[in-house]
1. More than 23 angstrom separation, counting every C-alpha pair in region 83-164; what % is that?
2. Note the direction-averaged projected area, equal to a quarter of the hull surface, for the Cα convex hull of region 22-75, in nm².
3. For W174, what accessible surface area do you get with a 1.4 Å probe? Give it in Å², rounded to 10.
4. What number results when the radius of gyration of region 67-208, computed over Cα atoms, is divided by 2.2 N^0.38 Å?
5. To the nearest 10 square angstrom, how much accessible area does E166 have with a 1.4 angstrom probe?
6. Would you list which aspartates and glutamates come within 15 Å of K331, measuring only between C-alpha atoms, while excluding same-chain residues fewer than 8 positions from it?
7. On a 0 to 90 degree scale, rounded to 10, what angle separates helix 80-90 from the longest Cα axis of the chain?
8. For region 1-138, what is the Kirkwood hydrodynamic radius in Å, using each pair of distinct C-alpha atoms?
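The values are calculated or read from the model by the stated rules, or taken from the named source; none is laboratory data. Note that the structure is a prediction, hence the values are computed from the model and not measured. No Cβ is skipped: glycine too gets one built from the backbone with ideal geometry, and neighbour counts run over all protein chains shown. Heads up: the accessible areas ignore ligands, DNA and RNA and are worked out on the full protein's heavy atoms, side chains in. Shrake-Rupley method; radii C 1.70, N 1.55, O 1.52, S 1.80 Å.
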Amino acid sequence: MKIGVLTGGGDCPGLNAVIRAIVRTSEAQNSRVIGLRNGWKGLWEPSPMDLDQKDVSGILHVGGTIIGTSRTNPLKSPDGADRVLKNFRLLRLDALIAVGGEDTLGAASRFYDMGLPVVGVPKTIDNDLYGTDFTFGFDTAVSIATEAIDRIHTTAESHNRVMVVEVMGRHAGWIAAYSGIAGGADVILIPEIPIDLDEVCDLILRRHSRGKLFSIVVVAEGAQFSEKAGEEGKLILQERRQDEFGHVRLGGISQVLAKAIEHRTKYETRFVVLGHIQRGGTPTAHDRVLATRFGVHATEMVHQGDFGKMAALAGNKIVSVPLSEATSQLKTVDPKLYELAKNFFG
């Protein structure tokens, strides 16, 4: 059997662990693995690379992806689907393993409906993919964000400042919620709940009135903001240009929020944007193991002909769920988790 593998969307700690698991498991079953470079572009403009045990040796702990990634969406082009299916046949592939988030796997689901024998692996640091309890990359991102918050605490306390820490999270605030709880943040703001500036400032003022002269605010990049009470919140954008999946580039909420907090409370306020360091570098042990388990399960699904599905974590078990279900909606922060976090605000 000849299996193609691609990694799409943003890079993510654990991608190489998945690739390694696919190659090692496939070779044990006398199958050949072909790396398709740069996401769906690998079937749009093919430049395939053979992958064997030598190629994946020593990559388990390495961040990024050895086959590259991109946000290419072949379905944007009128002939995109036909071109992908044609190139799949020209490469004489028997199956495809697509590793990615909602966009990459959304495309995979549509191609499966067109007859492409495809299996998915859930990848996103945002942990917003429906159908799986956790995605690999999330644990690493939370660990990085938590360490940053820990370090920011000392500066905030030394200077009696309010520090606003911006983490990733376009539609879902999982990173903000988890790192905020773990890092002892005094306020956590997520996309699921529009920012109430009055409430935020009241929490900070009450905290300072108790003699705590510094505060840590953790905010997800996709949190919606408005300075005026009752006014609909809006996203803060770096630029309005959209990528091929229709996403604008977010960023800057922490700067806007820090300015508003300082104006309202008169406390010196600074902002920190963690940005891409959350998705770069070495994956945690948890993500290495989860990515490996996903890769092995996806390869077994291919050999069993169990296409149109995604490897997923359910409790402590790896299971198969339909791609159509996994991409039907986003997995947002559980309100109960946010209510728990609110117990420690202020």
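1. Result for the distance tail: 47 percent.
2. 4.2
3. Here the residue's solvent-accessible area equals roughly 20 Å².
4. 1.44
5. E166 has an accessible surface of roughly 10 Å² with all protein chains in place.
6. Here the aspartates and glutamates satisfying the reach criterion relative to K331 are E102, D103, D126, D128, D133, E192.
7. Relative to the chain, helix 80-90 is tipped by roughly 40 degrees.
8. Roughly 14.8 Å, rounded to one decimal.
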